[in-house]
Amino acid sequence: MTFDVPAELTLFAESVRTAIGAWEPQREPELGAWQDDRDDALADRLAGSGWSQLWAGEELLGAVVAGAVELGRAAAPASLLDEPTLGAPLWVEGRARHGRGAGSLAVPRRGGGLALATPTDEGRAEPTLDGSGTVLVELASAAELEPVAAAACWRAWNAAALGYLAGLASRALGLAVEHARAREQFGAPLASLPAVQSRLADAALASEAITLLAWAATANDDGARDGELRWAGSACCDVTASAQQVHGAIGFALETGLHPYYRRARAVSAWNVAVCDALR
């Protein structure tokens, strides 16, 4: 199954890709250290492309998905999803993503609600491997959004989260295919081996399914959708794991650029599950 992206959304995706430019995620993690790949210069360039003005109505969800796919392909900071859609860094179970120095935090409420809360302090840095800038922080006061506004925010965030996962999976798969075609084993390219072909075919099917699910979210008239986010996160983790298997041990080498996608898929999936649990 294929999906033809409308021309205007293809052009918007190109503008997002241009704004991202040569930006790359940190390739070498600092084990045991707090890491935050938030990049204000990148956020400003994206704002210039119109990225931060896309959240006013459901008719713009197509642009949300188109842009989020490009952000996923770059493994860009998750703050570029959370703050435009929810209005502030995401806070779940005492943790704020890219939350250091934030004046307010976006807090999921049971039943699909959303509150903008004031943190008690800057928070305590929590070491991670994915650059999500996680801080442990308590909340002081919170202002509840109207149900209609909350649903609109979660609808946009849902579309962005799915598009981001689609981009992560697509790029990881692309790197695996490139490696399989270039690397020779037993006198032939890896891509000619049936076992490798089977693994890549399964990964391609899952990647395409995530992409179609993201585009289907443009017709979503609800908020965040539990089953979609959980499945897409799990499928994205499977795709990045398959890409790692195709690369073998060399996949962990910094030169391949693969392991940031492997790490990010797991981190984003875990955050999405936590959001789903908080909204139930």
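One table, with the values for the structure above:
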quantity	calculated
Leading residue by the ranking (farthest from residue 86 (Cα to Cα)) among those in segment 112-137 that are among the polar types (S, T, N, Q) and surrounded by fewer than 17 Cβ atoms within 10 Å (Cβ to Cβ)	120
Contacts under 9 angstrom Cβ, first residue in segment 227-242 being touching a residue at least 12 places away in the same chain (Cβ under 8 Å), partner basic (Lys, Arg) and surrounded by fewer than 21 Cβ atoms within 10 Å (Cβ to Cβ), 6 or more apart	233/266; 236/266; 237/266; 240/263; 240/266; 242/199
From the options 109, 73, 17, residue that is among the charged types (D, E, K, R), within 19 Å of the chain's Cα centre (by Cα) and surrounded by fewer than 21 Cβ atoms within 10 Å (Cβ to Cβ)	17
Filter result for residue 29 (over 29 Å from residue 145 (Cα atoms), surrounded by 13 or more Cβ atoms within 10 Å (Cβ to Cβ) and over 17 Å from the mean Cα position of the chain (by Cα))	yes
Helices (runs of 4 or more DSSP H) (entirely within segment 1-84) containing at least 2 residues that are free of Cβ contacts under 8 Å to residues at least 60 places away in the same chain and of a type in the set (A, V, I, L, M, F, W, C)	7-20, 40-48
Some residue of segment 90-100 being closer than 20 Å to residue 148 by Cα, crowded, with 21+ Cβ neighbours inside 10 Å and out of contact with any Gly (no Cβ under 7 Å at 6 or more places or on another chain)	yes
Residue match in segment 170-181 (condition: under 29 Å from residue 110 (Cβ atoms), at pLDDT 95 or above and out of contact with any helix residue (DSSP H, G or I) (no Cβ under 7 Å at 6 or more places or on another chain))	no
Near pairs, Cβ below 8 angstrom, 6+ apart or cross-chain, from segment 125-152 (closer than 21 Å to residue 267 by Cα and modelled with pLDDT of 90 or more) to any residue that is surrounded by 19 or more Cβ atoms within 10 Å (Cβ to Cβ) and of a type in the set (Ser, Thr, Tyr)	125/134; 126/134; 133/79
Residues that are among the polar types (S, T, N, Q) and in a helix (DSSP H, G or I), drawn from segment 204-236	207, 211, 218, 234
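The values are calculated or read from the model by the stated rules, or taken from the named source; none is laboratory data. Only a predicted model underlies this, so the values are computations on that prediction, with no experimental measurement involved. Positions of Cβ are generated from backbone atoms using ideal geometry, with glycine treated the same way; all protein chains shown enter the neighbour counts.
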